[in-house]
Amino acid sequence: PAAKELLLEVDKVRKQFGGLVAVNDVSFQIHAGEIIGLIGPNGAGKSTTFNLISGLLPLSSGQVSFRGQAVGGKPSREIARLGMSRTFQHVKMIADMTVLENVALGTYLRSGKDTLQALLRLDREEEKRLFAEAERQLQRIGMGEQMFELAGNLALGPQRLMEIARALCTDPALLLLDEPAAGLRHKEKQALGDVLRQLRQEGMSVLLVEHDMEFVMGLTDRIVVMEFGTKLIEGEPAVIQASPIVRAAYLGT
Ligand code: ADP
Ligand code: MG
């Protein structure tokens with residue numbers, strides 16, 4: 001098969017918080033159509049790495065390139081506009097608005113304008129366009145039936161899917177998901193996995209931080225393991241699963 005497009009290059013990325021090196025010269029790459037897992041014990045530096053990639057935190061050193069363009073130091077909304085979209089470890093939603101409204105609104109919030117001002121000035125054409133796109137993305141991931149439910153009434157699994165629909169509205173090439181399976185029931189994890197496989201099939205790339213080893217093993221093309229801010233090892237799921245280094249990091253043996 002032809003070589004896949006290099007989408008994201010994380011090159012010796014480093015983040016220090018005072019004396020603490022939270023991310024210590026970490027490098028890895030993501031190609032188009034890959035699902036990459038970023039795993040490691042609590043405090044390993046996974047979320048910080050995410051925040052460095054998506055522009056939420058400034059780099060101490062190193063570089064992040066997205067589609068061949070250096071994005072380190074660019075504001076997160078500009079990086080988002082280039083085709084990178086993310087979700088957060090905790091679901092962000094307005095509980096007494098519908099799923100559709102939450103997704104449509106989220107797109108608008110992501111455009112970076114002042115929320116209330118933006119809502120008040122939203123013209124009819126733009127409003128229509130936002131809701132049409134939100135509906136399209138909810139249908140795409142199989143949530144068409146739940147569009148008019150109140151977001152607060154959804155179980156955690158569908159709430160996470162709602163967040164993914166919201167992230168999809170900006171038409172990203174790369175989706176960053178921070179612990180999307182945390183707290184989900186087995187069936188919900190399966191549904192989430194199915195959605196992510198479908199997106200990969202459609203050519204999208206996904207980087208997911210995950211604590212749940214089993215979920216990551218069954219889904220990803222490649223896994224990057226972090227511990228104490230450094231990259232321990234990178235490889236295909238089977239290689240990672242068999243690695244004594246990884247076992248030691250997780251089980252302390
Ligand atoms: P993970 O997501 O793998 O659990 P984090 O990236 O959240 O790990 O954290 C890595 C380390 O950096 C931890 O020791 C954490 O306490 C520290 N850390 C994270 N964010 C900050 C911050 N804003 N200020 C100071 N220390 C931080
Ligand atoms: Mg984290």
Taking R0 as 45 Å, what FRET efficiency do you get between D171 and H211 from their Cβ-Cβ distance, rounded to the nearest 0.05?
0.95
Taking 2.2 N^0.38 Å as the expected size of a compact globular protein, what ratio does the Cα radius of gyration of the chain give against it, to two decimals?
1.01
For the chain, what is the number of Lys pairs with C-alpha distance below 14 angstrom, counting only pairs 8 or more positions apart or on separate chains?
4
Calculate the dipole size of the chain relative to its Cα centre from +1 charges on Lys and Arg beta carbons and -1 charges on Asp and Glu beta carbons; express the result in debye to the nearest 20.
400
Report the residues of the stretch 198-219 in range of a label on Y250: point 7 Å along Cα→C-beta, backbone N strictly under 18 Å from it.
208-219
Based on the Cβ-Cβ distance from L6 to L56, what FRET efficiency comes out when R0 is 25 Å, to the nearest 0.05?
0.65
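Which residues make up the longest stretch of the chain that has no trypsin sites (Lys or Arg not before Pro) in a DSSP loop with at most 16 other Cβ atoms within 10 Å?
Free of exposed loop sites, the longest segment is 114-184.
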In the chain, with Lys and Arg counted as +1 and Asp and Glu as -1 at Cβ, which of these residues, V21, A95, A155, has the Cα nearest the positive end of the dipole, that is, farthest along it?
V21
Taking 0.36 nm per residue of sequence separation and subtracting the Cα-Cα distance, how much length would be gained by fully extending the chain between H186 and I233, in nm to one decimal?
14.1 nm
So N42 and R77, fully extended at 0.36 nm per residue minus their Cα-Cα distance, gain in nm 9.8 nm
Using Cα pairs under 8 angstrom and six or more residues apart, how large is the relative contact order of the chain, in percent?
28
Cα axis of helix 186-201 to longest principal axis of the chain: angle in degrees, 0 to 90, nearest 10?
90
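Read the figures in this text as sums done on the coordinates, not as results from a lab. Predicted, not measured: the structure shown is a model, and the values here were computed from it. So basically every Cβ, Gly included, is an ideal-geometry build from the backbone, and we count neighbours across all protein chains shown.
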